[in-house]
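Working notes, beginning with the structure itself.
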Amino acid sequence: MEHWITEIMDAYGYLGIFLLIALENLFPPIPSEVILTFGGFMTTTSEMTIVGVILAATAGSVAGAICLYGVGRMFSIARLETIITNYGKILRLKPEDIRKAHAWFDKYGARAVFFGRLVPLIRSLISIPAGSTHMSFLPFLFLTTIGSLIWNIGLVYIGAAVGASWETIVGYMDIYSNVVYGLLALSLAIFGFIFIRKRIIKSHG
């Protein structure tokens, strides 16, 4: 996949970055870490600029997030889980991924749209519960843009700084992603335990 991503960026420049980042939001398994760090590296070997790469990536992030926000407005979480159960292999998603994003939104509210953009996997799917809960569009758009901008600036500048060693950063980001996924799974397990325990205590009260 990395080879395919870098070929598109080589061929189409800013447009390729925009399209790839938009797709990354719609299909989270596409690694934004590869797109952004390689985009940063390309600013050292082509006519593309850091500002241009950041703007193209942020526009793609916002476009993809708006699409998922619209999906959230159209379908309930239960309906989306059913769809992903049936077609999740194509999207490389699991129903638990939707539940994680929804739990994150339930816990942090509108702030989740901003902070979620800094967390792998959640950064894409957080738009769905924002839409399903009918969060006001303009605050959603603002928080999504700011959160995406911060994420994009960080990785593009890192890619430009490390140059040809950009693949090393992708490796570190994979470790970061795995740690985050583990913490999310642990949080959901604790949340589930507390919820069930309260229900048992209430039923015996």
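No lab work stands behind these numbers, since they all come straight from the coordinates. Quantities reported herein were computed from a predicted structural model and do not represent experimental measurements.
Data for the structure
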read-out: Cα convex hull volume per residue for segment 19-78 (Å³); value: 67
read-out: Between segment 1-73 and segment 81-150, the Cα center-to-center distance that results, in Å; value: 18
